[in-house]
1. Between LYS89 and ARG374, what FRET efficiency comes out of the Förster formula 1/(1 + (r/R0)^6) with R0 = 60 Å and r the beta carbon distance, rounded to 0.05?
2. Sort 281-291, 464-474, 253-263 by packing, meaning the average of other beta carbons within 10 Å per residue, with the highest value first.
3. What distance in nm separates the two pseudo spin-label positions at THR121 and ASP99, each 7 Å out from Cα along the beta-carbon direction?
4. Please determine, in degrees from 0 to 90 and to the nearest 10, the orientation of helix 80-96 with respect to the longest principal axis defined by the Cα atoms of the chain, where the helix direction is its Cα long axis.
5. Which angle from 0 to 90°, rounded to the nearest 10, does the C-alpha axis of helix 214-228 make with the longest principal axis of the chain?
6. Could you check how much of the accessible area of the stretch 210-347 is carbon and sulfur, as a whole percent, using a 1.4 Å probe?
7. So I have [x] 165; [y] 138; [z] 176, and one of them is volume of the Cα convex hull per residue in Å³ calculated from this model. Which one is it?
8. Nearest 10 degrees, 0 to 90: what angle lies between the long axis of helix 146-161 and the longest principal axis of the chain (Cα atoms)?
Amino acid sequence: MRYFNIAGPCYKAEHYMIEASSRLHGVEELIDMKQYFVIHAARQSGKTTYLKDLTQRLNTGGKYYALYCSLENIQNITDAEKGLPAIVKHIKNTLRFSDIPHWAEFAKEADYTDFTGVLGTELTVFSMLLDKPFIILFDEADCLSEDTLILFLRQLREGYNSRPLRIFVHSIALVGMRNIRDYKAKIRPDSQSLGSASPFNIVTESLTLKNFTKEEITTLYQQHTDDTGQKFEEDAVELVYEQTQGQPWLVNAIAREVIDKMLQSDYTKPVTAGFVREAIQTIIMRRDTHIDSLLERLKEERVRKVIEPIITGEDFFDRLSDDFMYVKDLGLISETKGRLAPANPVYAEVIARTLTYNTQQVLSQDTSLYQMPRYLKDGRIDMDYLMRDFQQFWRENSAIWIERFDYKEAAPHLILMAFLQRVVNGGGQIIREMAAETRRLDLCVVYEEQKYPLELKLWRGEKSLQKGIEQTLRYMDVYGCAEGWLAIFDRRPERTWDDKLYMKKETIDGKTVTITGL
């Protein structure tokens, strides 16, 4: 039986899948035009599945010879003198398992001492042997070390430029997580360069795989229903799309978690929104390889520069920077109508939990404090009591705790989130809405179907306080609440704690906003 795949490329006979070609258009037209181009997308979004399918379609079409070649095994070779021969040998080995004729002739008499030209030479000689145009789809191209990458691109460019005079590879795709812009960023700091505005300036286009649409998720899940009779309820599919924004690995992982683990392949039970919600929490807490590899990136300084203003809601202006493009290509963030935010709510939750993990662990050591029963009153959370506790905690610990964070600007927001997470671990959840250039962080504590909206802001004068009240009221409207809370962090060094710590209420049109000074 077919199943939902979360490891490696998908195959029609074994996996439920959406044709990758439906998410990326124009590639075969570029190949027909003899173009060299880049395909980039986040990890585990379907790149390899697409490339293998494209390779098969090109070869069965009878017009070309196409080779899929992953460069992942070359990534640890930092010396170009060894890296270029390794690439040539890897192409030779890959050709052995293809249906391309004359494969045994490739690099048969290669001069590996000429590492600055061996790749271009052998590709030229082999292309001349073939009776059809030769195409290479290089997967994981962005994993090459800097020196190897420079010579690799330079030899491909030289071959491209020589094509009017001699036969060379008809079309080449460089495929990886990063856009061509980041190839440039990777090379530029070094004294070496390709001597052009772009390290691979023959590339005509840079394409990316899109996430699944809601309709495609429905189609994917329907394949399972057709095979087994097990239905996905409409609100379950809606929740999957809302929480993942169609990220392919997450879409498959949630379905697999529900069907194989939670329901243990009992196809008589429908997949409900409740099961989906539980599966998401399990995946977040388990930190599967896909999520863990992304979150390792949070430690990188260039990632912090982009993620931090998203957490705090501060302005982010440099959308042309290499750092911004890098984080976007990793799939950690998205931009909708000019608004920067985590790519989906699942990633937002995991980012917050990862950055606050150590704080939560320390808070958990004192089991007598900061637990849900302490704050319950008549079945509801006493948010005023909870926020007063945090005020005291902030006063006693903020100076020490902020120094522990790499994300120092976002430290107040992260520490409050860790504090709240410690409380709701006893039976609730936190809904987080992060976005740059909003000047706030939206949180909603949920317990027993009761919602408690909370806005976090940094003090930037009286106008920021008034703006914060207005934003809190709007956020309360989203959840239909008559009461909300606004936390204002005042980081002015001249202010005393007695000045900064206060709690007051504002009632506007019958709605109450409790302002907590911090």
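1. Details: r = 65 Å, r/R0 = 1.08.
So, using R0 = 60 Å, E works out to roughly 0.40.
2. Details: 281-291: 15.5, 464-474: 17.9, 253-263: 20.4.
Result, highest mean first: 253-263, 464-474, 281-291.
3. Label-label distance for THR121 and ASP99, simple model: 3.3 nm.
4. 70 degrees
5. Result, in degrees: 80.
6. Values: 3090 of 6220 Å².
That share works out to 50 percent.
7. Step by step, volume of the Cα convex hull per residue in Å³ for this structure corresponds to label [z].
8. 50 degrees
The values are calculated or read from the model by the stated rules, or taken from the named source; none is laboratory data. Every value quoted in this text rests on a predicted model; they were computed, and no experiment measured them. As a convention, Cβ positions derive from the backbone with ideal geometry for all residues, glycine included, and neighbour counts pool all protein chains shown. Accessible surface is based on the protein model in full, side chains and every heavy atom, while ligands, DNA and RNA are left aside. Shrake-Rupley method; radii C 1.70, N 1.55, O 1.52, S 1.80 Å.
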